Amino acid sequence: MRTIKIKPKKGLLVRDPLTREPLKTAGEIKPRNTYWLRRIKEGSAIVIELKKEQAS
């Protein structure tokens, strides 16, 4: 499964739909599914770009 690293927009609380735990402000790796893609599209979550050496 493809994954993405995301963090919540500053000042917002975004919960994981399975665990109901808030998304960490430092960012977390989550599955690239419709739930997280909607959070990104609406602006409540931000994609964190991986550094080149981390992506390899």
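Overview of results
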item	result
All positions within the stretch 10-35 that are within 15 Å of Ile46 (Cβ to Cβ) and open to solvent by 100 Å² or more (accessible area, probe 1.4 Å)	Lys10, Leu13, Lys24, Thr25, Ile29, Arg32
Subset tally (residues that are part of a loop (DSSP other than H, G, I, E, B) and over 8 Å from the mean Cα position of the chain (by Cα)) for the stretch 1-47	21
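The values are calculated or read from the model by the stated rules, or taken from the named source; none is laboratory data. Everything quoted here is computed from the prediction, not taken from an experiment. Note that each Cβ is placed from the backbone with ideal geometry, even for glycine, and that neighbours are counted across all protein chains shown. The area values use the complete protein model at the heavy-atom level, side chains included, leaving out ligands, DNA and RNA. Shrake-Rupley method; radii C 1.70, N 1.55, O 1.52, S 1.80 Å.
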